[in-house]
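The structure appears below as structure tokens.
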Amino acid sequence: MQQRTPIEEQIDLPFVESLRISFQSLKIRFGRSIITTAGITLGIAFLVSVWTNNEIGVALQESGRQTTINTFEETTEQGISTKDIWLIVMSLIVCVVGIANSMLMAVTERFREIGTMKCLGALDGFVVRLFLLESGFQGFSGALIGALIGTLGAVLLGLKDYGLDLFFYFPLLPAQPENGPMQLGVIIVILLGCILGMILAVIGSSFPAWRAAKLPPAEAMRTEV
Amino acid sequence: MNDIVVKTEDVVKEYRMGSNILRALDGINIEIERGEYISLMGPSGSGKSTLFNMIGALDRPTEGQVYIDGQNMSQLSQRQIAAFRCHRVGYIFQSYNLLHVRSAHGNVTLPMIFAGISEKERNQKAEKLLDMVGLGDRMYHLPDELSGGQRQRVAIARALANDPSIVLADEPTANLDTITGREIIDLIKRLNTEQGVTVISATHDLKMLDVSDRIVDIRDGLVERIRNRDEIEIEVGEVGGEGE
């Protein structure tokens with residue numbers, strides 16, 4: 001008479017189901033998603049604009065058309081001024097901190113949701129996968145928009161500095177000048193910006209999501225933000 | 001009848017608060033039979049919600065064992081615990097804990113998604129359950145568009161999605177007015193009598209008394225006393241008029 005059926009093992013959900021849930025969540029939380037994504041966009045736009053600006057500067061310097069830029073600045077052997085390096089490093093830091101912060105906030109305010117999902121039978125891995133998908137998508141789209149905005153900014157700045165010469169010597173593709181540093185080219189910079197934005201967003205969200213998923217649901221639901 | 005569905009053995013739960021250790025449960029021993037309606041009563045801070053969390057595998061005891069259907073919960077793997085939460089138990093919380101991004105229907109289907117039930121089947125079941133709790137016409141509303149009582153109804157429908165044998169309700173009426181609270185209690189009681197679901201409810205709502213088979217009074221992390229329904233008849237008379 002006694003019901004003593006052993007407790008079975010929880011099943012893994014098909015990937016499509018995770019994809020569907022994460023996109024649904026992004027869609028309904030659209031306003032909040034946009035703000036988080038904007039954080040990524042800004043970080044990457046800043047980084048890519050500085051970087052592209054630098055690429056343009058170096059390209060025109062190589063072409064011999066460079067006019068006033070860097071005249072009064074200390075220039076390293078590779079032709080990049082210390083100011084440029086400083087700017088790139090700074091923008092990289094701003095980008096890393098900004099993205100990590102917005103993802104961290106976005107996940108922390110959802111601890112309760114994570115706890116609830118676990119109450120309903122979600123596996124830890126499923127919760128982490130949801131956040132990975134959401135943040136990966138946000139990271140990529142935010143970074144792509146940011147990279148394009150950044151490039152546009154750098155081009156406008158370049159037009160101001162170099163006029164239409166910019167387009168003759170535009171460093172679109174990677175190049176290896178005879179006696180200069182390897183130039184990545186704007187396409188590679190945009191690509192790197194996208195990858196960086198996506199990786200930072202994924203790390204920034206999956207780490208707290210993983211921590212929350214590991215907590216017993218009661219504790220996750222108690223967390224106040 | 002002696003079919004024990006939940007059994008706790010010297011369950012202790014301690015919380016570390018800075019350098020202090022707070023002993024929320026101080027050795028709880030209870031046995032709950034299948035099909036019972038049990039109320040865990042006690043003032044806030046008595047440990048009833050902590051005990052609720054232990055029984056529902058929502059938290060781990062510091063010491064002691066919890067057995068459900070004869071299985072020692074501490075020996076289950078993560079996957080088994082997830083399956084246990086998914087299939088065996090339905091949770092109802094004071095603050096509803098609905099997912100704000102999913103409609104009433106979406107909230108009810110979620111545990112069925114985790115259980116791997118087909119889309120067609122889970123849609124039918126969600127509609128049936130929401131109809132049962134009286135929300136047939138508000139199925140696709142988001143929780144924010146529903147009243148407190150309606151949200152708690154969604155939570156009840158969600159708790160029943162995978163036909164659990166135990167429903168755990170943590171202060172299900174605390175955020176509701178008297179009449180709505182009464183309706184929610186009646187709904188939970190109906191599940192208990194009609195579907196034979198074991199109901200374990202942490203509460204300090206006196207209205208819960210007259211529907212309970214047994215009342216476990218918890219105080220300072222200990223079972224103070226366990227009363228049977230017939231022992232509380234007189235007290236019920238006093239509170240019966242409250243909702244009128």
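Can you name the condition, by its number, that A:Ser135 falls short on among (1) under 23 Å from the mean Cα position of the chain (by Cα); (2) open to solvent by 10 Å² or more (accessible area, probe 1.4 Å); (3) not aromatic (Phe, Trp, Tyr)? Here A:Ser135 clears every test but (2). Entry remark, segment A:115-144: residues being closer than 21 Å to B:Gln78 by Cα and of a type in the set (Ser, Thr, Tyr) number 1 in total.
The residues in segment B:89-106 that are under 21 Å from B:Glu121 (Cα atoms), within 10 Å of another protein chain (Cβ to nearest Cβ) and not hydrophobic (A, V, I, L, M, F, W, C) can be counted, and the count is 4. Just one of the numbered conditions (1) modelled with pLDDT of 90 or more; (2) open to solvent by 10 Å² or more (accessible area, probe 1.4 Å); (3) aliphatic (A, V, I, L, M) is not true of B:Ile156: (2). For segment B:56-67, does any single residue satisfy the condition of being within 25 Å of B:Asp205 (Cβ to Cβ), free of Cβ contacts under 8 Å to residues at least 40 places away in the same chain and charged (D, E, K, R)? No.
On the basis of being open to solvent by 20 Å² or more (accessible area, probe 1.4 Å), assigned to a loop (DSSP other than H, G, I, E, B) and either more than 10 Å from every other protein chain (Cβ to nearest Cβ) or over 26 Å from B:Gln71 (Cβ atoms) (or both), does B:Ile117 make the cut? Here the answer is yes, as B:Ile117 does meet what is asked. Scanning segment B:74-88 for residues that are within 9 Å of chain A (Cβ to nearest Cβ) and open to solvent by 10 Å² or more (accessible area, probe 1.4 Å) turns up B:Leu76, B:Ser77, B:Gln78, B:Arg79, B:Gln80, B:Ile81, B:Arg85, B:His87, B:Arg88.
Considering segment A:157-182, and only residues there that are at pLDDT 75 or above and assigned to a loop (DSSP other than H, G, I, E, B), the residue that is least open to solvent (accessible area, probe 1.4 Å) turns out to be A:Pro171. Here is the figure for segment A:97-114: residues that are buried (at least 24 other Cβ atoms within 10 Å of the Cβ) and within 11 Å of chain B (Cβ to nearest Cβ) total 2. Considering only residues that are touching a Gly at 6+ places or on another chain (Cβ under 7 Å) and hydrophobic (A, V, I, L, M, F, W, C), look in segment A:47-98 and name the one that is modelled with the lowest pLDDT. Here the residue is A:Ile69. For A:Gly121, indicate whether it is in a helix (DSSP H, G or I), in contact (Cβ under 8 Å) with a residue 24 or more places away in the chain and either buried (at least 17 other Cβ atoms within 10 Å of the Cβ) or in contact with an Asp or Glu (Cβ under 7 Å, 6 or more places away or on another chain) (or both). Spelling it out, it is not the case that A:Gly121 is in a helix (DSSP H, G or I), in contact (Cβ under 8 Å) with a residue 24 or more places away in the chain and either buried (at least 17 other Cβ atoms within 10 Å of the Cβ) or in contact with an Asp or Glu (Cβ under 7 Å, 6 or more places away or on another chain) (or both). One residue stands out in segment A:4-25 among those that are of a type in the set (A, V, I, L, M), farther than 30 Å from B:Asn72 by Cβ and open to solvent by 20 Å² or more (accessible area, probe 1.4 Å): the one that is nearest to the chain's Cα centre (by Cα), namely A:Leu19. For A:Met103, the test of being under 26 Å from A:Phe15 (Cβ atoms), in contact with a helix residue (DSSP H, G or I) (Cβ under 7 Å, 6 or more places away or on another chain), free of Cβ contacts under 8 Å to residues at least 40 places away in the same chain and outside any loop (DSSP other than H, G, I, E, B) is failed.
The values are calculated or read from the model by the stated rules, or taken from the named source; none is laboratory data. Please read these numbers as outputs of a predicted model, since none were measured by experiment. Neighbour counts run over all protein chains shown; Cβ positions are idealised from the backbone, glycine included. Each accessible area value is taken on the protein alone, full model and side chains, heavy atoms only, with ligands, DNA and RNA left out. Shrake-Rupley method; radii C 1.70, N 1.55, O 1.52, S 1.80 Å.
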